[in-house]
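Student: Have a look at the structure that comes next, please.
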Ligand code: PMP
């Protein structure tokens with residue numbers, strides 16, 4: 001090994017020793033509850049394809065049809081010659097769906113979050129973020145030259161005090177809609193009131209709420225009936241309930257034009273594949289038309305929660321398809337995840353730095369393609385493993 005590799009290997013060894021090493025699994029075939037992983041058929045509870053649209057035949061046919069019409073790739077950035085009619089129509093439909101003036105597509109949620117935060121704030125501004133926000137929001141805050149604050153999870157009293165104390169020019173408050181590793185949700189009505197009282201701009205990333213929450217799948221904005229005035233900057237991603245990939249920002253004409261002019265992750269990247277945009281138009285129509293997917297998901301969530309309560313398992317408070325089981329130590333979380341795998345079930349152990357130290361967990365996610373027999377299998381396996389959820393006296397890090 002050369003000296004660079006020796007240094008890198010030492011850091012990798014250290015990560016493995018602290019049970020934080022991440023390994024990728026390679027699967028074949030579509031996102032379905034029965035996932036073909038490295039020669040094994042596993043019952044999976046880790047996909048964010050909450051409505052089962054990723055492999056839906058209507059969505060897949062739209063993708064293939066559009067690939068014949070437009071080709072595979074976007075070809076250039078939106079501002080050069082990569083903006084197609086497919087992108088334009090999807091943006092119009094997303095604006096109508098969310099009741100906003102305009103929408104803008106990004107290649108993925110990570111870039112949308114970085115792009116919005118950096119385009120809207122400068123050195124004289126301040127950003128206030130929930131402590132448990134997604135990494136892409138945190139990274140956007142770190143990349144921006146604005147003062148960066150993080151308030152305790154869902155603690156809007158602390159947020160309000162900090163907003164009152166702040167002398168910043170612009171104040172941007174940023175929160176996940178549904179928190180990705182916890183499954184709980186921001187209180188949009190309170191957050192919006194606090195922001196309006198202190199002249200702060202509210203930005204919500206509802207990557208995990210769109211499609212799943214609200215009667216029409218409009219996410220936390222629909223649940224709280226939050227208008228554009230109450231929630232001026234709203235982000236959704238397309239790689240989860242929409243079953244495709246990409247992301248969108250919706251809001252006022254001025255907001256969208258500002259992003260087109262100043263958001264570097266929008267300007268300097270190839271546009272999303274137009275075929276993906278066409279497939280997403282179909283998934284957007286299914287999200288609205290096929291309420292049964294959300295109803296089924298709700299029934300599955302209720303069934304799983306009841307089952308866990310009966311087994312006295314440490315379920316975290318969540319009413320969304322993200323149903324994490326708190327473990328604590330990383331080693332213990334890995335042990336339970338491996339034991340489930342031996343029983344043919346795939347649930348990923350989520351460890352630091354994705355979650356705080358000592359809060360490793362099993363992140364169970366449910367999709368509309370699961371059925372009650374799948375949940376019975378998971379609950380039976382968890383029942384056998386229940387003693388492992390009691391932390392050993394010596395806490396693992
Ligand atoms: N926001 C949240 C809350 C997320 O959970 C994720 C991805 N897991 C993203 C943004 C990033 O979205 P994408 O995968 O489209 O980059």
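The values are calculated or read from the model by the stated rules, or taken from the named source; none is laboratory data. These figures come from a predicted structure and were not determined experimentally. Backbone-built Cβ (ideal geometry, glycine too); neighbour counts: all protein chains shown.
Student: Yes or no: residue 34 within 26 Å of the chain's Cα centre (by Cα), without any contact (Cβ under 8 Å) to a residue 40 or more places away in the chain and over 25 Å from residue 358 (Cα atoms)? Don't jump to the end; show me each part of the working.
Tutor: Details: within 26 Å of the chain's Cα centre (by Cα): yes; without any contact (Cβ under 8 Å) to a residue 40 or more places away in the chain: yes; over 25 Å from residue 358 (Cα atoms): yes.
When the stated conditions are applied, residue 34 passes them.
Student: Related question: With the condition kept exactly as written, say whether any residue in the stretch 92-112 is in the same structural domain as residue 272 (by TED's automatic domain parsing), assigned to a helix (DSSP H, G or I), within 16 Å of the ligand (Cβ to nearest atom) and without any contact (Cβ under 8 Å) to a residue 12 or more places away in the chain. If you could, list the steps in order and put the result at the bottom.
Tutor: Looking only at the stretch 92-112, we keep the residues that are in the same structural domain as residue 272 (by TED's automatic domain parsing), and these are 92-112.
Retained after the next criterion (residues that are assigned to a helix (DSSP H, G or I)): 92-98, 109-112.
Now restrict to residues that are within 16 Å of the ligand (Cβ to nearest atom): 94, 109-112.
Next cut, without any contact (Cβ under 8 Å) to a residue 12 or more places away in the chain only: none.
No, the stretch 92-112 has no match at all.
Student: Could you grab me the full set of residues in the stretch 124-159 that are more than 15 Å from the ligand (Cβ to nearest atom), within 26 Å of residue 246 (Cβ to Cβ) and touching a strand residue (DSSP E or B) at 6+ places or on another chain (Cβ under 6 Å)?
Tutor: 127
Student: Here are some residues: 130, 157. Which one is over 25 Å from residue 260 (Cα atoms), surrounded by fewer than 21 Cβ atoms within 10 Å (Cβ to Cβ) and assigned by TED's automatic domain parsing to the domain that holds residue 263?
Tutor: Values: 130 fails: surrounded by fewer than 21 Cβ atoms within 10 Å (Cβ to Cβ).
Criteria check complete, one pass: 157.
Student: Regarding residue 145, is this residue surrounded by fewer than 22 Cβ atoms within 10 Å (Cβ to Cβ), outside the structural domain of residue 318 (by TED's automatic domain parsing) and more than 24 Å from residue 258 (Cα to Cα)?
Tutor: Numbers: surrounded by fewer than 22 Cβ atoms within 10 Å (Cβ to Cβ): yes; outside the structural domain of residue 318 (by TED's automatic domain parsing): yes; more than 24 Å from residue 258 (Cα to Cα): no.
The answer is no for residue 145.
Student: Among the residues of the stretch 235-259, write down those that are in a loop (DSSP other than H, G, I, E, B) and either near the ligand (Cβ under 9 Å from one of its atoms) or surrounded by 24 or more Cβ atoms within 10 Å (Cβ to Cβ) (or both).
Tutor: Taking the stretch 235-259 as the starting set, the residues that turn out to be in a loop (DSSP other than H, G, I, E, B) are 238-246, 252.
238, 239, 240, 241, 242, 243, 244, 245, 246, listed by residue number.
Student: With respect to residue 195, is the statement that it is part of a loop (DSSP other than H, G, I, E, B) and either assigned by TED's automatic domain parsing to the domain that holds residue 107 or surrounded by 24 or more Cβ atoms within 10 Å (Cβ to Cβ) (or both) true? Don't jump to the end; show me each part of the working.
Tutor: Values: part of a loop (DSSP other than H, G, I, E, B): no; either assigned by TED's automatic domain parsing to the domain that holds residue 107 or surrounded by 24 or more Cβ atoms within 10 Å (Cβ to Cβ) (or both): yes.
Considered against the rule, which asks whether it is part of a loop (DSSP other than H, G, I, E, B) and either assigned by TED's automatic domain parsing to the domain that holds residue 107 or surrounded by 24 or more Cβ atoms within 10 Å (Cβ to Cβ) (or both), residue 195 comes out as no.
Student: Further, regarding this structure: When you look at residue 208, is it assigned by TED's automatic domain parsing to the domain that holds residue 181 and in contact with a helix residue (DSSP H, G or I) (Cβ under 8 Å, 6 or more places away or on another chain), yes or no? It would help to see each step written out before you state the result.
Tutor: Working: assigned by TED's automatic domain parsing to the domain that holds residue 181: yes; in contact with a helix residue (DSSP H, G or I) (Cβ under 8 Å, 6 or more places away or on another chain): no.
Considered against the rule, which asks whether it is assigned by TED's automatic domain parsing to the domain that holds residue 181 and in contact with a helix residue (DSSP H, G or I) (Cβ under 8 Å, 6 or more places away or on another chain), residue 208 comes out as no.
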